[in-house]
Each structure stands twice: as C-alpha cells, then as structure tokens.
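Report on the following structure.
The values are calculated or read from the model by the stated rules, or taken from the named source; none is laboratory data. All values reported here derive from a predicted model rather than from experimental measurement. Cβ coordinates were reconstructed from backbone atoms using ideal geometry, including for glycine residues, and neighbour counts include every protein chain displayed.
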Amino acid sequence: MIEPPGGTTEALGPAVARRADGAVAPLPPWAVRVARDFIAANLEVPLRLASIAAVTGRSPCHFAKSFKAATGVTPHQYVLRVRVARARQLLATDGAPIADIAYRVGFSSQSHLATIFRRHVGVTPYAFRLAQRGPWGGDDPDGGGRCGGAAGRRDALARTARAQ
C-alpha cells in the first residue's frame, strides 16, 4: 500500500469539504447560481440529484450537503418550492386544467401537485385559482354577472372552504 504524505493510511481527505470548525462548506455562489438556473430550465422533467450535482461538478452527496449549507434548504425542498411557485403563477394566469399545470411544472400527477401545494400554500390548487381569478376565471370584479356576481363568487369560495 502506498502511504500518502504524513505517513497515514487513512483516506486522502474528506468526502465533503469542511470548514475548520467541522461544518460543511457551502457551495460557492457561482455553483448555487448554476444549480438554480439548471433547475429553472428543467422544471418540467424529473430532476435527479445526480444531474443537478453534475452541472456543478460535484458528487451528489457533496452537492446536497453543500447546497443546504449555502441555501438553508435541501435540493429537493428547493425544487418543490420552485415548482409550487411556478404552479401558483400558472394557476393565476393560465386557464389550463390543473392536471396540465401539474405536469408542466414537473409533478407526476394532479394529486401530487395538490398534496405539495396545500402543504406549501395552505389551500388546494383549485381553491387558490378561485381566490385569484374568481370561480369562472373572468377578469370582471363582479364575476361577469353570472350567478349573482360578487355574491356568487363568495358563495363558491365558501363551498370550496367547507369541502376541504
């Protein structure tokens, strides 16, 4: 066995860069930026930790620990937050079915979106859409005169809240 400098036969260094106090060293700002850009550009496809780590030139384990040290959240939590934020944006502006929006932001199903969305936002995607756009998706503040206008919207929101 070849001995490294210093005469020890232990591993040639830690698997994850650590600071002098033993804490994991955070990713440098450029690597966080590259990872965030990669996530944003590939939101609609399944994102694997290995693929995100590869764009920063790190192993998945090293990347995950360093990303959390730099951002305060795990890569998975970050991806979910970005997907929910994008879903919120689409629900408020796009009339597409919720299932289509779920797939467009990278969730495997409408149910998966609903579970994660409710955990992060506090309401279901449907209730969020109603609150943002009204029950019929119109831009008219009185609800377009359909089924009682603003009163109809309040009734629809109340029914949605009771159903949850």
Of the residues in region 85-127, how many are part of a helix (DSSP H, G or I) and either touching a Gly at 6+ places or on another chain (Cβ under 9 Å) or of a type in the set (A, V, I, L, M) (or both)?
15
Pair list, Cβ under 8 Å, 6 or more apart: region 113-126 residue closer than 11 Å to VAL84 by Cβ, other residue among the aromatic types (Phe, Trp, Tyr) and not in a helix (DSSP H, G or I)
LEU113/PHE107; ILE116/PHE107
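Condition test on THR115, is it more than 18 Å from VAL34 (Cβ to Cβ), within 14 Å of the chain's Cα centre (by Cα) and hydroxyl-bearing (Ser, Thr, Tyr)? So that I can check it myself, show each step before the final result.
Details: more than 18 Å from VAL34 (Cβ to Cβ): yes; within 14 Å of the chain's Cα centre (by Cα): yes; hydroxyl-bearing (Ser, Thr, Tyr): yes.
Yes, satisfied.
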Can you spot a residue in region 71-78 that is part of a loop (DSSP other than H, G, I, E, B), at pLDDT 95 or above and either surrounded by 17 or more Cβ atoms within 10 Å (Cβ to Cβ) or not small (Gly, Ala, Ser) (or both)?
yes
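Give the residues of region 26-56 that are β-branched (Val, Ile, Thr) and either within 15 Å of THR74 (Cα to Cα) or more than 13 Å from the chain's Cα centre (by Cα) (or both), sorted by residue number. Before you say what the answer is, go through the steps one by one.
At the first step, the residues of region 26-56 found to be β-branched (Val, Ile, Thr) are 32, 34, 39, 45, 52, 55-56.
Across region 26-56, the qualifying residues are VAL32, VAL34, ILE39, ILE52, VAL55, THR56.
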Report yes if some residue within region 76-93 is of a type in the set (S, T, N, Q) and either closer than 15 Å to HIS120 by Cα or in contact (Cβ under 8 Å) with a residue 12 or more places away in the chain (or both); otherwise report no.
yes
Name every residue in region 86-110 that is surrounded by fewer than 14 Cβ atoms within 10 Å (Cβ to Cβ) and within 14 Å of ALA40 (Cβ to Cβ), in order of residue number.
GLN89
